[in-house]
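> Sharing a structure here in structure tokens format.
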Amino acid sequence: MSKPQEVIHSRIWEEVPEADNPFAAAACYCSGYDVYGDVLGQASWIEYLYLLFKGERPSPGQARLLEILAIALTNPGPREASVHAAMCGGVGGATHAACLMAALAVGAGQLGGAHEVARALCIWQACGQDLPAWREYLQHPPVEERADIWLPMEHPPGFDPHGASCAAPVRRTLAALADCGVVGALGWLHEHRAALEATAGCPLAMSGVAAAAMIDLALDSDQAEMLYLWLRLPGAAVHALEQKGYGWRRFPFFADGLELVDDPGTPS
């Protein structure tokens, strides 16, 4: 009896091997589209990114929405914990991969991180565009009955527990996204932001805007969490490289706390 052939199952990707090398692809298809025959040079990177996640071409509004979201998220800045983690790796001489892994690890959590986006997206799935339902959810969040690796949320998902008012980048990003022509969660959030903030007792955060955008992009919570993690890596990368170039002496969080007794770099 012959051994069954082992096959990788994927709805996303299909490859046709070269005639002279079964380990090299002659053609690659992403959800039926010939990547190097039809997509390359014809579609934008944002359109291809959406195709990878959703298996279909985005509408013009969705492509514009995703492009604006990517710009808004691509560099959270050195104040943000995941970027700061990458900066610490860079200034400490860690490998480039380690810097990005530090950013991913720190940026995966529930305080402005990717899992908070997933949790906020679950509120949209439960409440939709029903303001009374949102108020009930925010005032009386459901208690999960099963054990999880994640601790219970300590603040309303998608809102900033330390904010005094909604930050300008959050407001401007929400306004730009709501103006993309995709009728749905973003327009509703833009209209009802003040009411939701009053109920939550804290201002809307970028994670909350991202969750609404993911809803309008028709992504589920797993896709949203993964995309949010990935879209913020460019900022972490460039800040890590910058701090590596500056060195630890110009990094304010290390310089005052380190004193080398026998500095090998000191001239004799």
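The values are calculated or read from the model by the stated rules, or taken from the named source; none is laboratory data. Just so we're clear, the structure is a prediction, and the values are computed from it rather than from any experiment. Here the Cβ is made from the backbone with ideal geometry for all residues, glycine too, and neighbour counts use every protein chain on show.
> Got at least one residue in region 188-208 being over 21 Å from V106 (Cα atoms) and either within 16 Å of the chain's Cα centre (by Cα) or modelled with pLDDT under 95 (or both)?
No, region 188-208 contains no residue that is over 21 Å from V106 (Cα atoms) and either within 16 Å of the chain's Cα centre (by Cα) or modelled with pLDDT under 95 (or both).
The rows are residues; the columns are (1) of a type in the set (V, I, T); (2) out of contact with any Pro (no Cβ under 8 Å at 6 or more places or on another chain); (3) touching a residue at least 24 places away in the same chain (Cβ under 8 Å).
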residue	(1), (2), (3)
S59	no, yes, yes
Q62	no, yes, yes
P76	no, yes, yes
A81	no, yes, yes
E116	no, no, yes
P141	no, no, no
D160	no, no, yes
S165	no, no, yes
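> From (1) assigned to a helix (DSSP H, G or I); (2) surrounded by 13 or more Cβ atoms within 10 Å (Cβ to Cβ); (3) not aliphatic (A, V, I, L, M), pick out the condition that doesn't hold for G37.
It fails just one condition, (2).
A quick yes/no check of all residues on (1) in a loop (DSSP other than H, G, I, E, B); (2) without any contact (Cβ under 8 Å) to a residue 12 or more places away in the chain; (3) among the β-branched types (V, I, T):
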| site | (1), (2), (3) |
| --- | --- |
| S2 | yes, yes, no |
| E6 | yes, yes, no |
| H9 | yes, yes, no |
| E15 | no, no, no |
| P22 | no, yes, no |
| A26 | no, yes, no |
| Q42 | yes, yes, no |
| E47 | no, no, no |
| F53 | no, no, no |
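> Of the residues that sit in region 71-95 and are of a type in the set (A, V, I, L, M) and crowded, with 18+ Cβ neighbours inside 10 Å, which one is nearest to T173 (Cα to Cα)? Reasoning before the result, please.
From region 71-95, those of a type in the set (A, V, I, L, M) are 71-73, 81, 83, 85-87, 91, 94; that's our starting set.
Now narrow it down to the ones that are crowded, with 18+ Cβ neighbours inside 10 Å: 72-73, 83, 85-87, 91.
Numbers: A72: 7, L73: 10, V83: 20, A85: 25, A86: 24, M87: 25, V91: 31 Å.
Going through the qualifying residues, I end up with A72.
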